[in-house]
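Engineer: Let me begin by handing over the structure; questions about it come next.
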Amino acid sequence: AEYMGTSLDMASDQRSVLSVVGVVTLYCVVSIALIFANKILMASSDISIPAPLFVTWFQCIQTAAIVSGLGVLRNAMPDSALLSHFPRPEYDLVLARKVLNLSVVFVLMIALNNMCLMYVEVSFYNVAKALSLLFNVALGYLMLGSTISWRVGATVGVVILGFFAGSEGEPNFTFWGTTFGVLSSAMSPLNSIMTKRVLPDVGDDNWRLTLYNNINAVLLFPPIILVSGEVNVLIDNLHILVTIHYWVLMTLTGMLSFAIGTVVVLVIKYTSPLSFNIAGTFKNSLQTVLAVYVFRNKMTANGVLGVALVLIGSLAYAYVCTMESRASALPARAPQKDVESVDEEANDKRAA
């Protein structure tokens, strides 16, 4: 009986490991595919239109449509456990107004994210957005009253050094692309903090919030697109806009944008916060290497140093925050507030 129990435990552990490896692999594939597809969609000489706001708007339309469609299927198949998480299609104006402030930040975040990706090389993308950790710590301190240990400050310092080293060493450095990346990085932790505050208004239902957020975004984007002048860009590229391959790629990125949200939920479910950040660091490393190969991005010694420092600093930040969180949870220690840990990858991939 003891042997059988041990065998069952080993089998359970193997299934657990396989589940973790499976969801992390899926996360890497979907995330990298989304970044690469978006880059091709906005900055390829043959099949792209330089209209990041229009692309982001369409992705919000798709996400809202998919979530609504799955909600309709839930009504048709109420016993389905897979569909039970999705909300029934609705749009209450009172609730939509409560979500509106968050939606404005969400629109800024995803728009700036895609604008950054359009201008910068994919190999530099993680460096351009590296300051999200700095804004995460700063906003956690200012808005949540979180404490900042010297260890956390040191890891953020490493990331900042990586940002400047990578920027100095980027052969195709663009001021606007990097600026959009920095601004998007500031929006990411703000979006996370505001999301936690708005969630109770939607019954702590993430998918319901996703539905309202994306419907609000669909309504907010058209005037921004008009003011930005992207309508003229679309008219000038009408010969591409009417092609089937353009809309196939647009639809693919929209589906990947929806999929990344689901995949991140699975990764969080099957891994610890530290493991999730390790997976993110691995994904970013792989993404940089593949970008050099696929897009023929050139990298200097300082560029490589910048990427390395950002990855090392990010991983060290996750480790320090995890250790401090565990230490503060011990009965013998006084409880401390930890810095808000932001799931930047989920936000970026919904944006991308």
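The values are calculated or read from the model by the stated rules, or taken from the named source; none is laboratory data. Since we're looking at a predicted model, the values are computed, not measured. Because the Cβ atoms are built from the backbone with ideal geometry, glycine has one as well, and the counts that use them run over all protein chains shown. In case anyone asks, the SASA skips ligands and DNA or RNA and just uses the protein heavy atoms, side chains included. Shrake-Rupley method; radii C 1.70, N 1.55, O 1.52, S 1.80 Å.
Engineer: From the P(r) of region 199-298, can you give the percent of Cα pairs sitting at distances over 20 Å?
Structural biologist: On the way: 3264 of 4950 pairs.
Above the 20 Å cut-off, region 199-298 has 66 percent of its Cα pairs.
Engineer: Place +1 on the Cβ of every Lys and Arg and -1 on the Cβ of every Asp and Glu in the chain, take the dipole about the Cα centre, and give the residue among Met194, Ser103, Tyr27 whose Cα lies farthest towards its positive end.
Structural biologist: Met194
Engineer: List, in the order given, every pair from Lys39/Lys283; Lys269/Lys298; Lys98/Lys283 whose Cα-Cα distance in the structure shown is over 27 Å. Working shown, then result.
Structural biologist: On the way: Lys39/Lys283 17 Å; Lys269/Lys298 37 Å; Lys98/Lys283 35 Å.
Over 27 Å Cα-Cα: Lys269/Lys298; Lys98/Lys283.
Engineer: In nm², what is the average projected area of the convex hull enclosing the Cα atoms of region 162-220? Walk me through the numbers before you get to the answer.
Structural biologist: On the way: hull surface 22.8 nm².
Mean orientational projected area (region 162-220, Cα hull): 5.7 nm².
Engineer: Just to be sure I understand the rule: take each whole DSSP H helix in the chain, project its Cα atoms onto its long axis, keep it if the span is 18 Å or more and its mean Kyte-Doolittle hydropathy is at least 0.5. Which ones pass? Intermediate results must be reported in sequence, preceding the final value.
Structural biologist: Details: long enough: 2-43 (61 Å, 1.08); 52-76 (36 Å, 1.04); 93-119 (38 Å, 1.69); 150-169 (28 Å, 1.10); 175-198 (34 Å, 0.47); 206-228 (31 Å, 0.87); 244-270 (38 Å, 1.62); 273-294 (30 Å, 0.77); 301-329 (42 Å, 1.15).
Length and hydropathy pass: 2-43, 52-76, 93-119, 150-169, 206-228, 244-270, 273-294, 301-329.
Engineer: For region 38-178, take every pair of Cα atoms, bin their distances at 10 Å starting from 0, and report each bin as a whole percent.
Structural biologist: 10, 25, 27, 25, 12, 1
Engineer: Sticking with this structure for a sec: Of the heavy-atom accessible surface of region 41-139 (probe 1.4 angstrom), what whole percent is carbon and sulfur? Don't skip to the end; give the middle numbers.
Structural biologist: Numbers: 2600 of 3940 Å².
Summing carbon and sulfur atoms, their accessible area is 66 percent of the total for region 41-139.
Engineer: Okay, next question. Helix-only mean residue ellipticity at 222 nm, the chain, DSSP H runs n ≥ 4 weighted -39,500 (n - 2.57), per residue, nearest 500. What is it?
Structural biologist: On the way: 14 runs with 278 residues, N = 352.
One gets -27000 deg cm²/dmol as the mean residue ellipticity at 222 nm.
Engineer: Between Tyr141 and Ser44, what length in nm is gained on full extension when 0.36 nm per residue of separation is reduced by their alpha carbon distance? Don't jump to the answer; show the numbers that get you there.
Structural biologist: Numbers: separation 97, 0.36 × 97 = 34.92 nm, distance 4.08 nm.
Result for the pair: 30.8 nm of gain on full extension.
Engineer: Sticking with this structure for a sec: How much length is gained if the chain between Asn232 and Ala154 is pulled fully straight, taking 0.36 nm per residue apart and subtracting their Cα-Cα distance, in nm to one decimal?
Structural biologist: On the way: separation 78, 0.36 × 78 = 28.08 nm, distance 4.67 nm.
Working it through step by step, the gained length comes to 23.4 nm.
Engineer: Here's a follow-up. Using r as the Cβ-Cβ distance of Leu252 and Phe175, and R0 as 45 Å, what FRET efficiency do you calculate, to the nearest 0.05? Show your work: numbers first, answer last.
Structural biologist: On the way: r = 31 Å, r/R0 = 0.68.
Working from the Cβ atoms, E equals 0.90.
Engineer: How large is the accessible surface per residue of the chain, computed with a 1.4 Å probe and reported in Å² as a whole number? Mind dumping the intermediate values first?
Structural biologist: Numbers: 17120 Å² over 352 residues.
For the chain, the solvent-accessible area averages 49 Å² per residue.
Engineer: Could you work out what % of the accessible surface of region 140-287 is carbon and sulfur, using a 1.4 angstrom probe and leaving DNA, RNA and ligands out of the count? Could you put the intermediate results ahead of the total?
Structural biologist: Working: 5090 of 7140 Å².
That fraction is 71 percent.
Engineer: Next question. Apply the a/c threshold of 1.5 to the C-alpha gyration tensor of the chain and tell me whether it is rounded, prolate or oblate. Can you show the working numbers first?
Structural biologist: Working: a/c = 1.42, a/b = 1.14, b/c = 1.25.
Rounded, because the longest to shortest axis ratio a/c is under 1.5.
Engineer: Can you give me the relative contact order of region 236-339 as a percent, contacts being Cα pairs under 8 Å and 6 or more apart? Write down the numbers at each step before the final one.
Structural biologist: Values: 29 pairs, mean separation 22.1, N = 104.
Once divided by the residue count of region 236-339, the mean separation gives 21 percent.
Engineer: Only Lys, Arg, Asp and Glu count, each charged at its Cβ (+1, +1, -1, -1), so figure out the dipole size of the chain about its Cα centre, rounded to 20 debye.
Structural biologist: Dipole of the chain, to the nearest 20 debye: 220 debye.
Engineer: Per residue Cα convex hull volume for region 128-263, in cubic angstrom?
Structural biologist: Details: hull volume 23.7 nm³, N = 136.
Per-residue hull volume (Cα only) is 175 Å³.
Engineer: Which length gain, in nm to one decimal place, applies between Ile312 and Val294 when the Cα-Cα distance is subtracted from 0.36 nm times their residue separation?
Structural biologist: Values: separation 18, 0.36 × 18 = 6.48 nm, distance 2.40 nm.
So the chain would gain 4.1 nm between Ile312 and Val294.
Engineer: Could you tell me the relative contact order of the chain? Use alpha-carbon pairs under 8 Å, at least six residues apart, and round to a whole percent. Show your work: numbers first, answer last.
Structural biologist: Numbers: 465 pairs, mean separation 117.3, N = 352.
Value for the chain: 33 percent.
Engineer: Determine which residues of region 51-69 fall in the zone a paramagnetic label at Lys269 would reach in this model, i.e. backbone nitrogen under 11 Å from the point 7 Å along Cα→Cβ.
Structural biologist: Taking a point 7 Å out along Cα→Cβ of Lys269, no residue of region 51-69 has its backbone N under 11 Å.
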